[in-house]
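Notes to accompany the following structure.
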Number of protein chains: 2
Amino acid sequence: MTKPYVLGIDIGGTNTVFGIVDARGQVIASDSIKTRKHSNFDDYVQELHDGVLRLLEKNDAEDKIQGIGIGAPNANYYTGEIINPPNLPWEGPVIPLAEKVSKAFGGIPVAVTNDANAAALGEMTYGAARGMKDFIMITLGTGVGSGIVVNGQLVYGHDGFAGELGHLIVKRNNGRMCGCGRTGCLEAYCSATGVARTAREFLEVRTEPSTLRNLHIEDITSKDVYDAAVAGDKMAVDIFNYTGTILGEAFADMVSFTSPQAIILFGGLAKSGDLLMKPLQTAFDKSVMNVFKGKTKILLSELKESDAAVLGASALGWEARNRFENVTTEVSGAETEKS
Amino acid sequence: MTKPYVLGIDIGGTNTVFGIVDARGQVIASDSIKTRKHSNFDDYVQELHDGVLRLLEKNDAEDKIQGIGIGAPNANYYTGEIINPPNLPWEGPVIPLAEKVSKAFGGIPVAVTNDANAAALGEMTYGAARGMKDFIMITLGTGVGSGIVVNGQLVYGHDGFAGELGHLIVKRNNGRMCGCGRTGCLEAYCSATGVARTAREFLEVRTEPSTLRNLHIEDITSKDVYDAAVAGDKMAVDIFNYTGTILGEAFADMVSFTSPQAIILFGGLAKSGDLLMKPLQTAFDKSVMNVFKGKTKILLSELKESDAAVLGASALGWEARNRFENVTTEVSGAETEKS
């Protein structure tokens, strides 16, 4: 008695987007709520439930949801919990996400994972990684996230926290401070914020002219650097060369690890085109071991950004199992009555 | 009709060791031949076959071999071939190892993998990684090899060559030349030869006295450094501190990748005791991300070195499938006649 839809939920720092998705990866309908409106997690779940229910009713889909998949920062696949969320307003350190959402929805199975893993699942199910059993997803946003797929399965590690490739050390000496408390992480250089930091460093250390000097140095964003580079500003182009080179060198190490068929880029910075991709590919080709040369493709995500987070989360919904046994009992009853 | 034994074969640069292994990981009997005696691969396989047959006959095991597992440098699990072997005498670039050995033995299923992967399989089946689904095997020998296990499966990557952790870049600038043609690889620092190179560097650059100065600088081995360190030579101790620190920092990056339950060390250098393990553990604890702190154990192999290679290879024998169809036909006939 498989039901035709899953629900994908993407919990971001600002918005929580949810959508009804069919087996072919079509987003039937979607809506969102503000993530930070309630500091009490139960109130948030209640509002999420109400919003989803309205969407289901509008689309005559109340009884058609097979499972719910949720992508959220620091969400753990094994425990169903969010652990120490850096950008979420609820009291931690542990938020029982899957259990509470499953209960709110009368026991529908819920599976959760972090946002980058969700993106990898989405890409494997509906995007550029269809048919691939070994690939790595890299999300270039405010931070650098990653989802690693080996033998067709997401790599969760023994504790559910594997895949922190944004925190590979790329500068062992005098590296930049990173939000993780260490120094020299990939994320400190190759995220959107990393690009802005590079701009500030270049502006301070170099003396050549640049249109970036017209901006207030503390407010410079990666978007400013991109716009300046597109307009031909040499320093801005150099900033992308620097960023792409570090990424390409790090990708070579990733290939030595799991020898993926492709590394797939997603997120705002990934849309910088040749400005980023050319130096990245050049550094990668130069750095990768001979045995892997010419084998691993560097690709861009094929998912529409507006759909990607929901699609990725929804892919997890198909494999969600009912893991909260006290709930199972309730739900079996409810389901029997309904059907 | 499962047969009670498998054959494990370890092809090393000097010796080829083979053993009859039972399901509990007991090496019933073993023997060896010289790997480099024949420059023609068919002649080598013939001698291997004859040697194995003698061993089987002596142990009344001719009809009791379920499968053959072979560990060899640069052996590819997917293709059954050795590709560009660096230390083997046969004409390449591609040696059809599994096919030729299977044919020589009348079609017994053969599976091959590289030596570090075989060590990981051995450790998972019979050693320190029993019961673990996520761990990394690091072999510290002439080079640094690795076998990565995720979700209970060896990571082969899309091409069968995954797990080159000896070639993670640990020095991005002014790194040592590595046999792989690049610079700054882990292997150039933390293998037995890497330790000897460090000794030569320290002796040239530093001015303090050391008993190592009594040796001919070009002939210094990691064993010399070990002996000097055990005898209290400060520079020799520093060489192990340097080596262990680089290893510990690299291990922290490995944990960010697959979050293993343990990293297991094998090989000559791994037997250096606290000289290596103390600085390694200190650097690891300092370098690993907070989310992983205190979770990943650094362990030593539990396999006897004399048995380990054969045991590791043999573990693969249980899962070997007959993949050479023209052979299958012949063998089915032969098997029917026998039974």
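The values are calculated or read from the model by the stated rules, or taken from the named source; none is laboratory data. Worth saying up front: this structure is predicted, and the values here are computed from it rather than measured. Neighbour counts are summed over all protein chains in view; Cβ atoms, including those assigned to glycine, are modelled from backbone coordinates with ideal geometry. These accessible areas exclude ligands, DNA and RNA; they are computed on the full protein's heavy atoms, side chains included. Shrake-Rupley method; radii C 1.70, N 1.55, O 1.52, S 1.80 Å.
Being surrounded by 24 or more Cβ atoms within 10 Å (Cβ to Cβ) and at pLDDT below 95 holds for only one residue in A:GLY157, A:GLY122, and it is A:GLY122.
Taking the stretch A:8-44, which residues are free of Cβ contacts under 8 Å to residues at least 40 places away in the same chain and not in a loop (DSSP other than H, G, I, E, B)? Selection gives A:ASN15, A:THR16, A:ASP22, A:ILE28, A:ALA29, A:ASP31, A:SER32, A:ILE33, A:LYS34, A:ASP43. Only a single criterion out of (1) of a type in the set (Asp, Glu); (2) free of Cβ contacts under 8 Å to residues at least 12 places away in the same chain; (3) within 14 Å of another protein chain (Cβ to nearest Cβ) is not satisfied by B:GLU164, namely (2). Evaluated against (1) more than 11 Å from chain B (Cβ to nearest Cβ); (2) farther than 24 Å from B:GLU249 by Cβ, A:GLY152 falls short on exactly one condition, (1). Residues to consider are B:GLY312, B:GLY317, B:GLY333; find the one that is modelled with pLDDT under 90, open to solvent by less than 40 Å² (accessible area, probe 1.4 Å) and of a type outside the set (A, V, I, L, M, F, W, C). Selected residue: B:GLY333, the only one of B:GLY312, B:GLY317, B:GLY333 that is modelled with pLDDT under 90, open to solvent by less than 40 Å² (accessible area, probe 1.4 Å) and of a type outside the set (A, V, I, L, M, F, W, C).
Looking for something touching a helix residue (DSSP H, G or I) at 6+ places or on another chain (Cβ under 6 Å) and either modelled with pLDDT under 95 or crowded, with 24+ Cβ neighbours inside 10 Å (or both) - is there at least one such residue anywhere in the stretch B:46-54? No: the stretch B:46-54 contains no residue that is touching a helix residue (DSSP H, G or I) at 6+ places or on another chain (Cβ under 6 Å) and either modelled with pLDDT under 95 or crowded, with 24+ Cβ neighbours inside 10 Å (or both). Every listed requirement among (1) open to solvent by 40 Å² or more (accessible area, probe 1.4 Å); (2) under 19 Å from the mean Cα position of the chain (by Cα); (3) more than 17 Å from B:ALA98 (Cα to Cα) is met by B:ASN84 save one, (3).
The one condition from (1) more than 8 Å from every other protein chain (Cβ to nearest Cβ); (2) open to solvent by less than 10 Å² (accessible area, probe 1.4 Å); (3) in a loop (DSSP other than H, G, I, E, B) that B:GLY175 does not meet is (2).
Just one of (1) open to solvent by 40 Å² or more (accessible area, probe 1.4 Å); (2) at pLDDT 95 or above fails for A:ALA250. It is (1). Residues in the stretch B:125-149 that are within 9 Å of chain A (Cβ to nearest Cβ), open to solvent by less than 30 Å² (accessible area, probe 1.4 Å) and farther than 24 Å from A:VAL288 by Cβ: B:MET132, B:ASP134, B:PHE135. Being more than 13 Å from chain B (Cβ to nearest Cβ), open to solvent by less than 10 Å² (accessible area, probe 1.4 Å) and out of contact with any helix residue (DSSP H, G or I) (no Cβ under 8 Å at 6 or more places or on another chain) holds for only one residue in A:LEU265, A:LEU280, A:LEU276, and it is A:LEU265.
Restricting attention to the stretch A:178-199, the residues being open to solvent by less than 20 Å² (accessible area, probe 1.4 Å) and under 24 Å from A:LYS234 (Cα atoms) number 10.
Here B:PRO260 fulfils each of the conditions (1) within 14 Å of chain A (Cβ to nearest Cβ); (2) surrounded by fewer than 24 Cβ atoms within 10 Å (Cβ to Cβ); (3) not polar (S, T, N, Q) apart from (2). Annotation: A:MET289 fulfils all but one of (1) open to solvent by 50 Å² or more (accessible area, probe 1.4 Å); (2) over 25 Å from A:ALA229 (Cα atoms); (3) at the interface with chain B (Cβ under 10 Å from one of its Cβ atoms); the unmet one is (1). Total residues in the stretch A:283-298 satisfying the condition of being within 23 Å of B:VAL150 (Cβ to Cβ) and either part of a helix (DSSP H, G or I) or in contact with a helix residue (DSSP H, G or I) (Cβ under 9 Å, 6 or more places away or on another chain) (or both): the figure is 7.
For the residues B:VAL237, B:VAL205, B:VAL230, B:VAL255, the requirement of being β-branched (Val, Ile, Thr), at pLDDT 95 or above and buried (at least 24 other Cβ atoms within 10 Å of the Cβ) singles out B:VAL255. Filtering the stretch A:292-309 to residues that are touching a residue at least 24 places away in the same chain (Cβ under 8 Å) and either open to solvent by less than 10 Å² (accessible area, probe 1.4 Å) or within 26 Å of B:GLY157 (Cα to Cα) (or both) leaves A:PHE292, A:LYS295, A:THR296, A:LYS297, A:ILE298, A:LEU299, A:LEU300, A:SER301, A:GLU302, A:LEU303, A:ALA308. Within this structure, B:VAL255 passes the test of being outside any strand (DSSP E or B) and within 13 Å of B:LEU165 (Cα to Cα).
Taking the stretch B:144-188 as the range and being within 18 Å of the chain's Cα centre (by Cα) and more than 14 Å from B:ASN117 (Cα to Cα) as the test, the residues that pass are B:HIS167, B:LEU168, B:GLY179, B:CYS180, B:CYS185, B:LEU186, B:GLU187, B:ALA188.
Scanning the stretch A:100-119 for residues that are closer than 23 Å to A:GLY194 by Cβ and more than 14 Å from chain B (Cβ to nearest Cβ), we see that the one that is surrounded by the fewest Cβ atoms within 10 Å (Cβ to Cβ) is A:ASP115. Pairing residues of the stretch A:200-223 that are within 15 Å of A:VAL237 (Cβ to Cβ) and aliphatic (A, V, I, L, M) with residues that are open to solvent by 60 Å² or more (accessible area, probe 1.4 Å) and at pLDDT 95 or above, at Cβ distances under 8 Å and at least 6 apart in sequence or on separate chains, gives A:LEU203/A:ARG213.
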